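First up is the structure itself, then whatever we jot down about it.
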Amino acid sequence: QVQLVESGGGLVQPGGSLRLSCAASGSIVSIDVMTWYRQVPGKQREFVASKTSSGITNYRDSVKGRFTISEDNSNKNTMYLQMNNLKPEDAAVYSCNEVIRTTQANYAVNYWGKGTLVTVST
């Protein structure tokens, strides 16, 4: 079984920075795609950023130049979302999603974390 655990959320003032982490654990062979999503209560979940195992990254337009998705160089099962110059509209619950191949299946499976809350306010 695979688990994804996010951390790093919190309260930050506009213009501030946070770094979110997503740690994957379990019988992981490889992670094909890492993605961050966010959701404001009452609104649809929206894509934030993704990174493939080949290194291709993609960002929603509103976070380009401010957010960076990356993986830990020493632990490939941990990914980050560095968020700079945060704006009130970035406030949401951020969740990580990963497409993972495990030792228990011949195909990749989609896994979700439970999310971490980011609040941007004075």
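The values are calculated or read from the model by the stated rules, or taken from the named source; none is laboratory data. Every value quoted in this text rests on a predicted model; they were computed, and no experiment measured them. Quick reminder, even Gly has a Cβ in these numbers, built from the backbone with ideal geometry, and neighbours come from all protein chains shown. Please note that ligands, DNA and RNA were not included when accessible areas were found on the heavy atoms of the full protein model with its side chains. Shrake-Rupley method; radii C 1.70, N 1.55, O 1.52, S 1.80 Å.
Summary of computed values
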{"read-out": "Estimated inter-spin distance, Gln104 and Asn75, nm [label 7 Å along Cα→Cβ]", "value": "2.1 nm"}
{"read-out": "Sulfur and carbon atoms: percent of accessible area, the chain [1.4 Å]", "value": "45 percent"}
{"read-out": "Residues of segment 93-113 with amide N under 18 Å of a point placed 7 Å along Cα→Cβ from Val5", "value": "94-98, 111-113"}
{"read-out": "Simple label model, 7 Å out from Cα along Cβ direction - Val40 to Arg60, nm", "value": "0.9 nm"}
{"read-out": "Alpha carbon centroid spacing (whole Å) that separates segment 42-83 from segment 101-122", "value": "12 Å"}
{"read-out": "Segment 25-30 - phi-based ³J(HN,Hα) in whole Hz, Karplus 6.51/-1.76/1.60, Gly and Pro as x", "value": "9, x, 7, 8, 8, 7"}
{"read-out": "Sparsely packed chymotrypsin sites (Phe, Trp or Tyr not before Pro) within segment 19-122, loop by DSSP, other Cβ within 10 Å at most 13", "value": "Tyr107"}
{"read-out": "Table column - 3J(HN,Hα) (Hz), segment 110-122, Karplus curve with 6.51, -1.76, 1.60, x for Gly and Pro", "value": "8, 10, 10, x, 8, x, 9, 8, 10, 10, 10, 7, 8"}
